Structure formats: C-alpha cells, structure tokens
Amino acid sequence: MKATLKIDTVLNRFAEAVGPSLPIAIEGNRTRWGLNGLLKPGTSVISAPSGLVEYKPEEMIVTVRAGTTVQELDTCLADHRQRTSLPDRGGTVGGAIAVGHNDLHKLGKGSVRDAVLQLRYVSAEGKVITCGGPVVKNVTGFNLHKLMVGSFGTLGFIAEVTLRTNPTPLRQLWIQTSMDPKIIFDTLQRPSAILWDGTTTWVHLEGHPPDVDAQYALLTKSGKVYESETGPSLPAHRWSIPPVDIFSLEKTLMGRFVASIGVGTVWAEQPQEERKLDRATLTITERMKKQFDPTSRLNPGRNLGNWS
Amino acid sequence: MSFIDKIKNLIKPSVFEDVFVAELVAALSPERVRFDATERFLHSHDSSVFDEGNAGPICFPITTREVQTIMRISEKHGRSIVARGAGTGLAGGAIPLGAPVVVVMTKMNKILEIDIDNRVAWVEPGVINLDLSRYLQPFGFHFAPDPSSQQVCTIGGNVANNSGGPHCLAYGVTDAHVLALEIVLPDGEVATIGGLDPEPVGFDLRGAFIGSEGTLGIATKIAVRITKNPPTVRTLLLSFSSMRAAAETVSAVIAAGIVPAAMEVMDQRITIAVESFVGAGYPTDAAAVLLVEVEGLVDGVQIDASNIREIGFKHGATDVRVAETDNERELLWKGRKTAFGAIAQIAPDYYLHDTVVPRSALADVLEKVNEVAERYDLIVMNVFHAGDGNLHPLLLFDAREEGMLEKVHAAGAEIMRISLDAGGVLSGEHGIGIEKQAYMDELFTTEDLNHQNRLRYAFDPQCRSNPGKILPAGHSCADIQSLKNVPQGVWG
Amino acid sequence: MDLKLDSEELNTCVHCGLCLPHCPTFRITGEEALSPRGRIRLMQEIQTNDQMVTKEALASFETCIQCRGCEPACPSGVPYGSLIEQTRKTLVQENRILPRWQRIPYHVLTRPRLLRFLSRLLTIANKVHLIPKRFAIPKNIPFFNKPLIPSGTDVYLFTGCVMDAWQRETHQAGKRVLEHLGFGVTPTGDRVPCCGALHTHAGLGTKAQEIAENVINSLSDNERPILVDSAGCGAALKDYGHLLGTEEALAFSSRIFDIHEWVEKHIETFAVSSKLSLRVAIQDPCHLRHVQRSHRAVRNVLEPFVDEVIELNDDGLCCGAGGAFSIFQPDLASKARDQKIAVINEKQCDVVASANPGCSMHLQQGGIDIRHPMDIIDEAISLKTIPSDL
C-alpha cells in the first residue's frame, strides 16, 4: 500500500468511535452551533482528534487534525510568517471547514473552500475516507473535498485536513474613511477587506510596505482617510448576497449592518431570509445525503436540503 | 435478456439507431445532428493518443432547452451522452466510449453578460478561454485560468477539467474562478448550482461539478469571476547550467515566501524547439530556463523581482534577463504556451504526462524521470509549471515503429509511480479521463473510490453521462454499456 | 484512396488543436470537420488507412478557404497549404470535385481579351439585375480601362487577370507610386495573362504548372524584379519554386516582391510633406500575412501618409473571399465576412486598406469602404504635388 494511503492510528480510533450505526453528532467549540437546524435531542456527541500532523513551510502546506483550534494552527504558522484562509472565531479547524464561512479578509486571504487540498473524513459506515491530495494542484478524481466544505458534517465527519498556506504580508493596516466604498473598491488593487456600515468605510490594506503606503496615499488623494486600530464590530447575523446588492437592498430588513464590499458577506442585526434551492438542486442534494448517509445517522437534525 | 431485448436483437440494429437519430433530428435540426461515418470518426478523437473512441450521433445544440431534449431522448433510448468542447483534452476525457451521443458545445459560444460591479461574466460553455479575456481587455479585466491551449479551449472544457495554466500559481485554478453554473442533468432537468454570493446555501455542488470531466451533466451557462489586470507585470528569464539548479531555485523562491504569478521551467531540448518557432530570444545553450512572472503594485513587484534574481544567482543561475517590452514578454509566453505543439519538429508523436509532486521533490523526481527515459531508450523533454510542482514530462516517439507504443506506455507508468512515491498525485490539470483510470487505486483505497462513485450517483444515478471515465473498472459508473449494435459505418 | 500526399508532411500534425481558432470556417461553425485539424485527420485516415472519400469528407475539403491562417499558428510547422492543394488536385483528377462546367471560368482567366469581353457582358447583365445576388459580382467593374503605358525598364509590375480587368486603376496608382520613387515600370500586361493562383486553389494543379512555366518563360529575358500588388498573385508567384520544383523556378520566385515590400525598401526616398486625414484600418489579406508573411510592410508604407494606422483585433482571421470561394461557398463566405465586418466596426476608422483585389471586392459587397494601400498613397502623393505646382 502506498504511503499516502496509510491512515494514522489516531484517525482509526476516531473512526471506531463514530462506528457504523446509531445516530451520532460531532462538535468543535460550538461557535456556530445553531446553524442549519438543531441537533436531535439525545444524540451522542463526539469531537474530532486534534494535533498538528505535518507542517512543511517551504511547501506552503500544513496537515492538521480537525479538532485542533484555528488559534493553535495560526500560532504554529506564525512562526514561519504564514497563514491560511480559515477564520479564527474561537473554533476548530474542522468546524471552520464544516461551516465554510470565509474570513473577514477574504479578498486578501482567499476563501475557505480554496484552501482545502486534501481531506479525510469518517463516513457513515465508520470508515476513514481520503479525498483530494497533498499538493497544491490536483485534478485526480472527483472533488469530494470540495463537497465536504460547508456540508455541516451531514455527509461525513471531518477528521484531518491538508491546507494551503500563504505568506503573511509584511505590513497590515486598517484605515477608516467616509469615502464611497464602491470607489475605494475600484481604486485599490488588492485590498484584503473593505467594510461599510452605510456611512463609514473601513479598509484593510496589506502587502509589501511601499505598496501599502502607495495605496494609502492613493486614497488620501480622493478623500479624508484615518488610520484605525481595528475594523468595525460586527453584528451577529451573517448574510450572503451578490456583492453589489448591498447598495440596492432595503437596509431596514437588516438593522445595523456591516457589509464586505466586493465579497457579498453582510453582518446584520436581523437574520437573512431563508434561501431556497431550485427543484433539481434539491433533488441532487437529497440524493447526495442518501448516498453518503443512507440512515441519516450523521448530525441528525442538521439539514441542508429537505431530507427527513 | 428480456423478451423485448430478444426481439430487438432479431431486428436489424440500425433500425433502432435510425429512430433514435430521427428523434434527435426532429428536436434540433437536420444540419445540427450528424450520423455519418466521417463525423463519427472525427468525434471519436480529441488531442489525446487514444484510439478506442466510438461516437454515436453527434449533436450541436444551441440552447439549454436543446441540451435538455437531447438528454431526455437519450434517456428514453437508454443511451449515454458525452459533452465535447474544442477537443483539446489530453487524457481522453471527451473520447466517446460505447457509441454515446456526442454533444458538441462549440455553437453555444456567446458571452451573455459582463457584470463589472459584481466582477462576474456569464458565458455559454463554448466561449473560447482567450476570447473572453480579450473581450474583457477594454474593461481592464481578464479570466485568470490560462491553460496553454487557452487560444482554443472552451470555458466549458475548463470547467470539466478544472483547468490550470501558468498563472494559476497565484490565482488558483478554474474552480476558484467559477461562481455558479446552470447545468443540465442526465435526466434533462436543469439545476443552477453555486451562486454569485460568497457562501451559497446548501452543499457546494458547484465545487463537485467542476473537474468532474463531464460525468455529472452538461454545463450550459457559466458565471466566471473576472480578475482585475495587474498594474505592473515583470517577466524574468533565468538560465541554468543544470535542471537541478533550476528546480532548486523554484523551491527556494517558494520557501522564501514569494508567490509569483507564474513559474515555468523548460529544459534545453524544448527550449531549442520553441525558440525556432517563436524566436523570442530564449537561450538555447542553457540546460534549463526558468520563466518567472511577478505582478501587482510597482514597488512590490520590484522587490519580488530583485529577490528572485538574487535567489536565482545563489542557486546557480548563469543569467537573469528581464523582459523589457510587452512584445518581448508576449513572445516569451507564446513560446512557453506552444511548447507541446513544437515537438513535432523533433518526432511525429509525443506522450505528454501530467503529474504533481511536492515542490521540494522536483529536482529528484526529474532525475528519476530521465533515468526511466534512458532505460527505455526514449527521448524525454520537460516543460512544466514548476511553481505548482506540476510536471509535464513528454516522451517523444514515432508510433509507426513496431512495439513503440507499448514501450511508451510502460515508461509512462513508471513515471507516474515515481511521482506517487514522492508524495504526488496522478494529474495536476489534464484529468484522469481514460488515461489514468488504471492508476486511481494506487492513490485511493477501494472505499475512497466507492465514495467518489457515490458523488457521481447523486448527479447521474444511471451513469449515462460520459461513462467509463475517471473511476477504474469495478466501480459501477466505470462500466460502459456495450453497444455493439451501432455499426461504425463505412469507415469501420 | 491514395491522396498522393507526402506522408512525412501528413504525419507532422500532432492534433494539438492550436490551429482551430485561426480557421475561419471553424470560427463560424465550431465544427471539427470544418477545421484544419479535422481536415488533416480525414486526409490521414483516407490515405493511410485507405478509406474511401465520403461526401462529408469532400465537403470538409471543399469548404476550406485556403487562407492558411492555420500555418503560422501551428507550432509543429504542418505545411497545411501544400496538403490541401495536393488533396484537391488528386480529387479533381479523380473527378470527385469541381465538375467540368465549373472548370470553364478558369480557362477564361488565361485569355485576357475574352476575360475583358465577358467582364463587359457581366457588367451589363449585373446592371440589369440578371445575375443572382448570391454570386456577389461587384457593381463597379469598369466598362473601359485606360491602357497601362510602360514608363521604363527598372521593374515589372505584374498585372494579372481579373485585377487587370476589374481594378486597373489600382495598377495605375501603384505604377505612379513606383514612378514617384524613381522607378521606370513595365506592366506585364497581356503577355503574362494569369499567375495560376486560382487554378492551384481549385485543384487544377497541372494547369497551374503550365501557366507557371509560361509566366517564367515570358519574363526570363532579363533579371528585373517583378512587383505584385495583389497578395494572392504574389504568394502564387513566390511559390513557383515549390510548384515546379526546378532551379529555374526557384530563381524566378526570388525576383518576386510584393509591391509594399519594394516600396518599404525604398521608403526613405519618399519626401512626405502632406498626410491624408484618414484613420485607416488594415485588413491583411491572408496570402500576404499567413503565406508571404510580409504584411508588416503595408503598415510601414502607409503610416507616413495617413493620420493613423489601426490594427484589427482578430489576428488576421480570413474575411472569406478566398479567390473563387465566395462564389462556390456563398454562405460560409458571407458569414466569414460578417465576422470581419464586426471586427472592423469595433474600430473608429474612415477607410479599410486591403492589398488584395479578392478581399476588397468581397468586403465591398458587405458595405465596407475599402481601398488598396497603393490607391491611398497615390492620393497622398498627388495632394503633395498640387501645392508645389501653385
């Protein structure tokens, strides 16, 4: 058997714990616990194993078990001035991937789904499945690892992931202004975040120091700009809309909001109206669930389609 | 065998075919459905070396509705379908097995909408990759994936193969640039998967569909992300007296925390062939050349370029040249992107491999690849996306020599194993198609492959979309319905 | 069937497909059968595996415009032009394409008086709408032509067949430009009635060889350069070495220059004092760009005389004229023209310059204001001389 196919004993033990029958749920740090349905009461809950498996800074690749916190991962990467696109909200790596929400700095860091190179999950049959591959470019077989991102543990429990890392930019800077965020978005080459609450715009610049200075200078040419300690505080509910819709949406639906310009993520006081899948997509979704978890034993109660 | 099937077998097989074709003709138009031997012969091939293709009727739809109708008629007759773009695939992904309907998407080639504010373009699948970037040029944008065949390959084909290209090092492959898709499922239903919003609801079916090599359905509309053109671009050409030095430079650049837009290596043989075609000023006396492109804001580009230059010299570069003009830069890239075709100057046939290895293993793997070629007495050339660790060893041969093909395949298999042993994967951008099916179980367990099969079932429960691809024999969707009753026609 | 193709040439194609977007018929239809790769694959199958030539294969070969736009795009250097010419030649010999009645017009081309006579008839017939529109006969064929009078013996100006009958004004203009540069010009006139380019394209290769021998014999009493203002003729004349395969023909071909190449060589003798206020878009004739590969000269020669020279954004994709192609394949030809017109309309230009009579007639039919570069330069020169006379 090839070395790449070898599964370490920690994962095998996790797979045994998941087993092949009875309802079971997985938890990380429960930072996004209430999303996509509530867990069926009485379901036994387990956690994924944690720990760094392998970090090759010169390859810009890191393999980590799903139960590791994002903070631990970040600390380890920081030693080599690297980072991933995962957001740190106090949760675990597995949780961040299972939820699939992007970091605030998506424009600079990239999206969560693009960071996952290889993924191992425990299937409803209690087996460790490997998908993707441990290199930065790969089209070998079906993209199961993409499917797992944002699937809320309903198809399998994420056990271990290999992530792409990136160099952390040398200079980072938050600035604040009352300029039109649209103009800022069109003016700047690669901001890492532009946040707008309807009146004030916060911009996060990063890169080589002279580039950051140049972008800053460019903005001061068109309006008043101040350096800022941090970005704005974010309301609780997360919206996902086509980026420019924020300018036409009825803001009263949201309450106080902060929108990520050019991305389409909006944090608002009010929750977003339920988004619906079209009929054919719903059919695929339900078939997918049936294929991977025929008895609906994984995370019962969580629902991304309309399955029973 | 059912009673009906028995009766069917008694009747001349072509009768069923005639009914089938007649229904397709009625649904489309006579000039957009072909069933003659010549067209079937042409559509049984793509850019790959595989000869076992057998195309059924060929359809040229122009609307989503027509694609739906083709799917439904095929379903009714229990026939499979294979989508085809420009036919530039190298792994045989578009080669029809078992006389399926070949659905050629090249006539669906409209750019439907450019939405600059959302940074999105909606296109039909037959739009040529480079045509889109050219169309976007006046707006200051481009479509980032730039496979070497970009002047001819279609965006639908890019979606099917999750295509890469030199500049995917910094920007990511097709998957990172496709936001939403309208797809027609094998049963004729239309689904819109993904979305223009950053975190669409439900499973990432979009991510599952991209790179599925036409096995999940046919994309009929594609929303692609458009990327702002960088204000500054600098292209460096580094010459080396050994391939090892070039490979080590690549690893060192990445290790130094620099992610260039592109890093490409060519060995001496290929450099000579390319230079005689483009005359870009490639050094033909260097053992290897490294083409590096950095882009972004002017100061950062300057910093990166000078760091790369320094790293290059530290690792044995004999010369570092910076392209002075746009024209010089374009010529260098034209050379790199036409490298494969230029091979015919040396031998009439080539077998192009495509594996990925960890970047730090590049130098060792290349040496082993050369050993294999030597042992088999074959000429090997190397031109590859070094920054991604994506190797493209080319084996040159003349297929007319007896026993040559077997030799080439045996050498190819060894090269693949070397890559896997180094911790790599089977394919970086060409896909599995029919080329690498047999090797899938060296990278995945039976159980892993079984799960891939499940993903496939969710889209295509009858396994009618491009059957016999990706998964190795033994997995249900790998089986081809054997349609022996479709005669190959006069050219049999 | 043996197409009598050189098997080495045929084997050069590795089917990479990089030629596809440069093929006008593939661009229009998106069909493999109407692409260079598809056509070569058919040739290979027919010749190597001794298959019969189906009617679909015939259609594939007959719809090739022979613009040879695929050749510069081919990194393997497949000599596509020579493959398709030989294929058609074999098919004509086997009586599979070009029925005898279609060969009649080709006989007229080598008989200048008859050609002029028929041209007049055609003009009249066209004026009274006797000729169906799809044949796309130009409306402005002159009824009478002023004779071209020799002005010296420095260079020959190759006058050809249809161009001499229908566009002699351009010859006059080219001749004046050459004279302005100080060259005495001998028009070749009726003693060299035709270059045989159209014959080669049609598959009448044997006739073309006969014509070529005649041309060489008629112009070999001295070593004068032979200048050509029709891209198609120039390409054919430059190819005589290959067509006949003799040393003599090779030597003859080396005397051939496109008129723009010649003028470019002597451009510094031009004293440019006035420009036409024109923005000129350049439409490269395929046989200048893809075959002779001397299209740069057109720009260099025109630039001093106009406000702006504008490049079209289509990599020199064929306009669909293709000699007699627009007559035999009117549908594909007009679609190719539509593509070209769309590309022209993207640009802000006053006039389009094209150095080939076929292209200009074809595009004129599509409503494009098109002139030969020599006509434009001639006008600029005449402007300049007027004030100096005052």
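The values are calculated or read from the model by the stated rules, or taken from the named source; none is laboratory data. Keep in mind that this is a model prediction, so the values were computed, not measured. All Cβ positions, even for glycine, are placed from backbone atoms using ideal geometry, and neighbour counts span all protein chains on display. These area figures cover heavy atoms from the full protein model, side chains too; ligands, DNA and RNA do not enter into them. Shrake-Rupley method; radii C 1.70, N 1.55, O 1.52, S 1.80 Å.
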The relative contact order of chain C, taking Cα pairs under 8 Å that sit 6 or more residues apart, comes to a percentage of 16
As a Kirkwood estimate from alpha-carbon pairs, the stretch C:7-93 has a hydrodynamic radius in angstrom of 12.8
The number of Lys pairs in the stretch C:112-263 whose alpha carbons lie under 29 Å apart, excluding pairs fewer than 8 residues apart on one chain, is 8
Rounded to the nearest 10, the angle in degrees between the Cα long axis of helix B:64-76 and the longest principal axis of the Cα atoms of chain B comes to 50
If one builds a Gaussian network model of chain C from Cα atoms under 10 Å apart, the most fluctuating residue listed among C:ASN222, C:ASN140, C:ASN300 is C:ASN222
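Quick one: compute a quarter of the convex hull surface over the Cα atoms of chain B and quote it in nm². Spell out each step's value before the answer.
Numbers: hull surface 95.8 nm².
Approximately 23.9 nm², given one-decimal rounding.
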Once the dipole of chain A is set up from charges on Cβ (+1 Lys and Arg, -1 Asp and Glu), the residue from the list A:PRO209, A:GLY301, A:PRO181 lying farthest towards its positive end is A:GLY301
Computed over chain A: longest principal axis from alpha-carbon atoms vs helix A:9-18 long axis, angle to nearest 10 degrees, is 80
Length-normalised contact order of the stretch A:31-189, Cα under 8 Å, at least 6 apart, in percent, tallies to 24
Calculated from DSSP helices alone, with each H run of at least 4 adding -39500 (n - 2.57) and the total divided by the residues of the protein assembly as shown, [θ]222 nm to the nearest 500 comes to -10500 deg cm²/dmol
Measuring from its Cα centre, the stretch C:7-93 shows a charge dipole (+1 at each Lys and Arg Cβ, -1 at each Asp and Glu Cβ) which, in debye to the nearest 20, is 200
For the stretch A:151-258, shape from the Cα gyration tensor axes a ≥ b ≥ c, cut at a/c of 1.5 then a/b versus b/c, turns out oblate
For the pair C:ALA271 and C:ILE149, the simple spin-label estimate (label points 7 Å beyond Cα toward Cβ) gives in nm 2.5
Under the rule rounded for a/c under 1.5, else prolate if a/b exceeds b/c, else oblate, using alpha carbon gyration tensor axes a ≥ b ≥ c, the stretch B:111-228 is classed as prolate
Site B:SER29, offset 7 angstrom along Cα→Cβ, radius 18 Å on amide nitrogen, limited to the stretch B:40-65, gives B:58-65
With +1 on the Cβ of every Lys and Arg and -1 on the Cβ of every Asp and Glu, the dipole magnitude of the stretch B:231-346 about its Cα centre, in debye rounded to the nearest 20, is 280
Rounded to the nearest 100 Å², the accessible area hidden between B and C, summed over both chains at a 1.4 Å probe radius, is 3000
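At a probe of 1.4 Å, how much accessible area disappears from chains A and B on forming the pair, both sides counted, to the nearest 100 Å²? Don't skip to the end; give the middle numbers.
Details: alone 16230 and 20890 Å², together 30060 Å².
In total, chains A and B hide about 7100 Å² from solvent.
Compute the accessible area per residue over the stretch C:77-236, keeping the other protein chains in place, probe 1.4 Å, unit Å².
Numbers: 7180 Å² over 160 residues.
That works out to 45 Å² for each residue.
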For chain C, the dipole about the Cα centre with charges only on Cβ (Lys and Arg +1, Asp and Glu -1), to the nearest 20 debye, works out at 1320
Rounded to the nearest 5, the percent of antiparallel DSSP beta bridges in the protein assembly as shown equals 75
Rounded to the nearest 10 Å², the 1.4 Å probe accessible area of C:HIS242 is 110
By accessible area (1.4 Å), largest first, B:HIS77, C:HIS295 order as B:HIS77, C:HIS295
Taking max minus min of the Cα coordinates of the stretch A:3-167 on each principal axis, largest first, gives extents in Å of 44, 36, 27
Computed from every Cα-Cα pair in the stretch C:112-263, P(r) in 5 Å bins starting at 0 and rounded to whole percents is 2, 9, 18, 20, 19, 15, 10, 5, 2, 0, 0
Within 10 Å of the Cβ of an average residue in A:148-154, the count of other chain Cβ atoms is 3
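Take the alpha carbon gyration tensor of the protein assembly as shown, find the square roots of its eigenvalues, order them as a ≥ b ≥ c, and report rounded if a/c is under 1.5; if not, report prolate when a/b exceeds b/c, else oblate.
Working: a/c = 1.97, a/b = 1.59, b/c = 1.24.
In terms of gyration-tensor shape, prolate.
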Out of B:TYR351, C:CYS13, B:THR63 - ranked by how far each Cα lies towards the positive end of the dipole of the protein assembly as shown, with unit charges on the beta-carbon of charged residues - the top one is B:THR63
Interface residues of the stretch B:241-260, defined as losing at least 10 Å² of accessible area versus the chain alone with a 1.4 Å probe, are B:ILE254, B:ALA255, B:GLY257, B:VAL259
The helix B:298-314 Cα axis meets the longest alpha-carbon principal axis of chain B at an angle in degrees, between 0 and 90 and rounded to 10, of 80
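Counting only protein heavy atoms, what percent of the accessible surface of chain A is carbon or sulfur at a 1.4 Å probe? Before the final figure, lay out each step's value.
Values: 6430 of 12600 Å².
Roughly 51 percent, rounded to a whole number.
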Expected vector for the stretch A:100-117, Karplus 3J(HN,Hα) from phi with 6.51, -1.76, 1.60 and θ = phi - 60°, integer Hz, x for Gly and Pro, equals x, 6, 7, 5, 3, 9, 4, 4, x, 8, x, 9, 4, 5, 7, 7, 7, 9
Debye calc, one equal point scatterer per Cα of chain C, no solvent, log10 I(q)/I(0) at q = 0.08, 0.09, 0.12 1/Å comes to -0.41, -0.52, -0.94
Scoring the stretch A:171-268 by relative contact order with C-alpha pairs under 8 Å, at least six apart, yields a percentage of 32
